[in-house]
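Visitor: Dumping the structure here so I can ask a few things about it.
All of the numbers you see were taken from the coordinates with simple rules; none came from a lab. Since the structure is predicted, the reported quantities are computational estimates derived from the model, not experimental observations. As a convention, Cβ positions derive from the backbone with ideal geometry for all residues, glycine included, and neighbour counts pool all protein chains shown.
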Amino acid sequence: MSAESLGTPSRVGHWRRSFRHWRWQRPFWAGLLTLLAGLPIVWIPYADPSLEDLSFRLATTTGSGSLIIGVLLVVLGLTLWYQPHGRVFAGVAAILLALVSLVVSNIGGYLVGFLLALVGGAMAVSWAPGDASAKARDTRPVEPAEPAEPVGPRPVVEPAAGTAPAAAVDTATAVGTDNRAVSAGNEAGPADGGTRAG
């Protein structure tokens, strides 16, 4: 085993990481599906399939329309790869071309090209670029959060022996409407002078 052969896996690994990084920055799968959608739309009208001695042709009168739609879908697929900021335009254009291909080119390349273009265009419109700083934040270790203050009533602090703050109110005492303190255990009637039940 030579030293040169040991460098090959690292080069392949570097290439894979580079390709993955490139792929994550653009709507790669949308571009691939849109690009592949153009191939059956172009190929089927110009193909000359035959079964032994029987040959048949599936060309339409608008063979040039199929060629134009197929080439445009391939160009839109490449646009999604190399100009990802134009993804919404390219996605909408791919969807519209897929719909037109139903009528113009043998039911959209036997529905194969139609479905590929439709799914690829929808993926392109819905794709959004990721935030690189968010990915960097996700790789950092998580720091513990500060404890939150307890929710609910605060505990009553009892005054020290022999001292009473002026604004403190005992929990068992309520203030009536005539500023008269009424104890919770007091047998006096309500503060408005009514009679007690009893």
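Visitor: At 0.36 nm per residue, and after removing the present C-alpha to C-alpha distance, how many nm does the segment from residue 157 to residue 25 gain when stretched out fully? Could you put the intermediate results ahead of the total?
Guide: Values: separation 132, 0.36 × 132 = 47.52 nm, distance 5.89 nm.
So the chain would gain 41.6 nm between residue 157 and residue 25.
Visitor: What FRET efficiency comes out for the pair residue 48/residue 75, r = Cβ-Cβ distance, R0 = 25 Å, nearest 0.05? The partial results should precede the final answer.
Guide: Numbers: r = 26 Å, r/R0 = 1.03.
For residue 48 and residue 75, the calculated efficiency is 0.45.
Visitor: I would also like to ask the following. First measure r as the distance between the Cβ atoms of residue 131 and residue 16, then evaluate 1/(1 + (r/R0)^6) with R0 = 22 Å and state the FRET efficiency to the nearest 0.05.
Guide: Numbers: r = 23 Å, r/R0 = 1.05.
Working from the Cβ atoms, E equals 0.40.
Visitor: Order of 22-33, 103-114 by packing, highest average Cβ count within 10 Å first? Please report the intermediate quantities before stating the final value.
Guide: Working: 22-33: 18.4, 103-114: 20.7.
Going by the mean number of other Cβ atoms within 10 Å, highest first, we get 103-114, 22-33.
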